[in-house]
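The values are calculated or read from the model by the stated rules, or taken from the named source; none is laboratory data. These figures come from a predicted structure and were not determined experimentally. Don't worry about glycine lacking a Cβ; one is built from the backbone with ideal geometry, like all the others, and counts go over all protein chains shown. Accessible surface is based on the protein model in full, side chains and every heavy atom, while ligands, DNA and RNA are left aside. Shrake-Rupley method; radii C 1.70, N 1.55, O 1.52, S 1.80 Å.
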Amino acid sequence: MGTEGKVIKCKAAVAWEAGKPLSIEEVEVAPPKAHEVRIKLAASGVCHSDWSYLYEADKMSPRPFPLVLGHEGAGVVESVGPGVTKVSKGDKVIPLLLAQCGQCERCLSPKTNLCTKNWVQTRQCLLADGTSRITCRNQQVHQFIGISTFSEYTVVPEDNVTKIHPDAPLDKVCLLGCGVSTGYGAAVNTGKVEAGSTCAVFGLGAVGLAAIMGCKSADAKRIIGIDINPDKFEFAKTFGATEFVNPKDHSKPIQEVLRELTNGGVDFALECVGNVAVVRAALEACSPAGGVCVMVGWTPKGELSLVSEDILLGKTLKGSYFGGWKSAEAVPKLVEDYINGRLLLDEFVTHTLTLDQVNEAFDLMVSGKSIRSVLKM
Ligand SMILES: NC(=O)c1ccc[n+]([C@@H]2O[C@H](COP(=O)([O-])OP(=O)(O)OC[C@H]3O[C@@H](n4cnc5c(N)ncnc54)[C@H](O)[C@@H]3O)[C@@H](O)[C@H]2O)c1
Ligand SMILES: [Zn+2]
Ligand SMILES: [Zn+2]
């Protein structure tokens, strides 16, 4: 008996309120409406942004609850709603936290990946029609960035999903749904890291390690990994870091240490922590001769303080969302790069857990013991 057209009862991790652990619940996932796709998820990575949404009120808003978090998933299309042309039942897919409709002004511009399709609704954690397809205990459950991958099934708009290679291992390529694509693209697309350059990457979680991988692929000469947790340094080496600095080992500010190490400053600095003080340090670590600082970490909303001369005299501060990738076309190519050995993914996965262990995955992340935990559904 097929499930098409029927409500599916399944397991999901529900966030009932901010600051409280997720609760494993039976939820109902409605069939996809027009231009929507229902996905049977196989795996989901756990990203720092999921944790921030739950536990760091100053970083993200609005934060509607109840909610199913998770946005780094991969699965197989279970069924499609009327009018869907981009994917079919049985396709392996990755849901996209950023649409690529291919038609809006921004999709047509090479300058940005911020497609306007479904943007407003998905930021409110809803689908395009302003509702969600998930309910629990008779309540509508919001879908994090319009996705919700901490669930056995989900429904997403067809512009927020992309078909990937049928051989792709879903428990690895899920990481391309956010963290790895973000860090890698921040280096190669946004920073445009150059061959022979000196780079500094702040924060060696999955996002920062992927940024290191991007710097390496761009043939940077020196790649300095910076983290307050020295356990991350071995990982950084795997992805191509040539040196490490722990700010805690120095009495001087980290930007001074880096300027001394690099004869005046680095060519590229990537902030993958999500801390305004680190953004400023990263900018100040850049060379006055055209140094480029890329903000990748999700900082609290509000003001950023900078030394104005830094910008006036020619440094650049940029931001990067989803690594600057045009989502629907880039993610399948990144999957192929992984299959062809041009991109590392397995090395990010330090823990493979079940959906029931999602709170453990959060604990492993904030205690610095994991790079990525992947939940298998
Ligand atoms: N821009 C985007 O599109 C995007 C996408 C995904 C994630 N993010 C953000 O990127 C950031 C990193 O995500 P992640 O999943 O890799 O997180 P993570 O928690 O796995 O890694 C963060 C790392 O930063 C280190 N750190 C903390 N404070 C530091 C400091 N003062 N100096 C140096 N290192 C420090 C931690 O020890 C840890 O290793 C988060 O803010 C996340 O929300 C942004
Ligand atoms: Zn668009
Ligand atoms: Zn993320």
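Taking the stretch 214-255 as the range and being part of a helix (DSSP H, G or I), of a type in the set (A, V, I, L, M, F, W, C) and open to solvent by 50 Å² or more (accessible area, probe 1.4 Å) as the test, only Phe235 passes. Taking (1) more than 14 Å from ligand 1 (Cβ to nearest atom); (2) open to solvent by 60 Å² or more (accessible area, probe 1.4 Å); (3) within 24 Å of Gly214 (Cα to Cα); (4) part of a loop (DSSP other than H, G, I, E, B) in turn, Gly290 satisfies each apart from (2). In the stretch 6-19, which residue that is open to solvent by 60 Å² or more (accessible area, probe 1.4 Å) and touching a residue at least 24 places away in the same chain (Cβ under 8 Å) is nearest to Val68 (Cα to Cα)? Ranking the candidates gives Trp16 first. Looking at the stretch 318-325, can you tell me whether even one residue there is hydrophobic (A, V, I, L, M, F, W, C), modelled with pLDDT of 95 or more and not in a loop (DSSP other than H, G, I, E, B)? Checked the stretch 318-325: at least one residue is hydrophobic (A, V, I, L, M, F, W, C), modelled with pLDDT of 95 or more and not in a loop (DSSP other than H, G, I, E, B). When each of Pro32, Pro21 is tested for being out of contact with any Lys or Arg (no Cβ under 6 Å at 6 or more places or on another chain), part of a loop (DSSP other than H, G, I, E, B), away from ligand 3 (no atom under 16 Å from the Cβ) and not polar (S, T, N, Q), the lone residue that passes is Pro21. Just one of the numbered conditions (1) without any contact (Cβ under 8 Å) to a residue 40 or more places away in the chain; (2) under 18 Å from Pro95 (Cα atoms); (3) not polar (S, T, N, Q) is not true of Leu313: (2). Scanning the stretch 165-201 for residues that are over 19 Å from Phe239 (Cα atoms), open to solvent by 10 Å² or more (accessible area, probe 1.4 Å) and not in a helix (DSSP H, G or I) gives His165, Pro166, Asp167, Pro169. Selection of the stretch 113-164 for residues being open to solvent by less than 10 Å² (accessible area, probe 1.4 Å), within 16 Å of ligand 1 (Cβ to nearest atom) and over 19 Å from Ser44 (Cα atoms) yields only Cys115. Of all residues in the stretch 146-177, which are among the acidic types (Asp, Glu) and more than 16 Å from ligand 2 (Cβ to nearest atom)? Answer for the stretch 146-177, where residues must be among the acidic types (Asp, Glu) and more than 16 Å from ligand 2 (Cβ to nearest atom): Glu152, Asp167, Asp171.
Here are Trp119, Trp51: which of them is within 16 Å of ligand 2 (Cβ to nearest atom), at pLDDT 95 or above and closer than 24 Å to Thr299 by Cβ?
Trp119
Please enumerate the residues belonging to the stretch 350-377 that are open to solvent by less than 30 Å² (accessible area, probe 1.4 Å) and in a loop (DSSP other than H, G, I, E, B). Matches in the stretch 350-377: Gly368, Ser370, Ile371. Does Asp356 count as within 30 Å of Cys104 (Cβ to Cβ) and more than 17 Å from the chain's Cα centre (by Cα)? Here the answer is no, as Asp356 does not meet what is asked.
On the basis of being within 16 Å of ligand 1 (Cβ to nearest atom), in contact (Cβ under 8 Å) with a residue 40 or more places away in the chain and either within 18 Å of Ala30 (Cβ to Cβ) or open to solvent by less than 40 Å² (accessible area, probe 1.4 Å) (or both), does Leu67 make the cut? It would help to see each step written out before you state the result.
Details: within 16 Å of ligand 1 (Cβ to nearest atom): no; in contact (Cβ under 8 Å) with a residue 40 or more places away in the chain: yes; either within 18 Å of Ala30 (Cβ to Cβ) or open to solvent by less than 40 Å² (accessible area, probe 1.4 Å) (or both): yes.
In short, no.
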